[in-house]
Amino acid sequence: MTANSPYEQPSGHGPQSSQEARVQALETQVQALAEAVRALARGLEQPPSQDTVLPKEAARGARLAHEILLAQGL
């Protein structure tokens, strides 16, 4: 077959590369979600030795988690 044949797919554009791209996108999304969950958890933590205001820290954690998700387009 010739290089311009409609039956041949250019290298890097086949089902394997599509699957790899999808897996990479999912890995990126999972990492962003994990980072957002960590931000929420840090905001809800209240170490016994500190006198921080929990609602203020929770709001900060929620805002940070939201910004992380927005930055990743989630």
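Is there any pair with a first residue in segment 55-74 that is part of a helix (DSSP H, G or I) and a second that is surrounded by fewer than 14 Cβ atoms within 10 Å (Cβ to Cβ) whose Cβ atoms are under 8 Å apart and which are 6 or more apart or on different chains, and what are they?
Sorted first by the residue in segment 55-74, then by its partner, the pairs are GLU57/LEU44; GLU57/GLU45; GLU57/GLN46; ALA58/LEU44; GLY61/ALA41; GLY61/LEU44; ALA65/VAL37.
Across segment 1-23, which residue is most open to solvent (accessible area, probe 1.4 Å) among those that are of a type outside the set (Asp, Glu) and modelled with pLDDT of 90 or more?
Only one residue fits best here, namely ARG22.
Residues that are at pLDDT 85 or above, among the β-branched types (Val, Ile, Thr) and touching a helix residue (DSSP H, G or I) at 6+ places or on another chain (Cβ under 6 Å): does segment 24-40 have at least one?
No; the residues of segment 24-40 include none that is at pLDDT 85 or above, among the β-branched types (Val, Ile, Thr) and touching a helix residue (DSSP H, G or I) at 6+ places or on another chain (Cβ under 6 Å).
The values are calculated or read from the model by the stated rules, or taken from the named source; none is laboratory data. Note that this is a predicted model, so its numbers are computed, not measured. For neighbour counting, all protein chains shown are included, and Cβ atoms are generated from backbone atoms with ideal geometry for every residue, glycine included. Areas reflect the complete protein model, heavy atoms only, side chains present, ligands, DNA and RNA absent. Shrake-Rupley method; radii C 1.70, N 1.55, O 1.52, S 1.80 Å.
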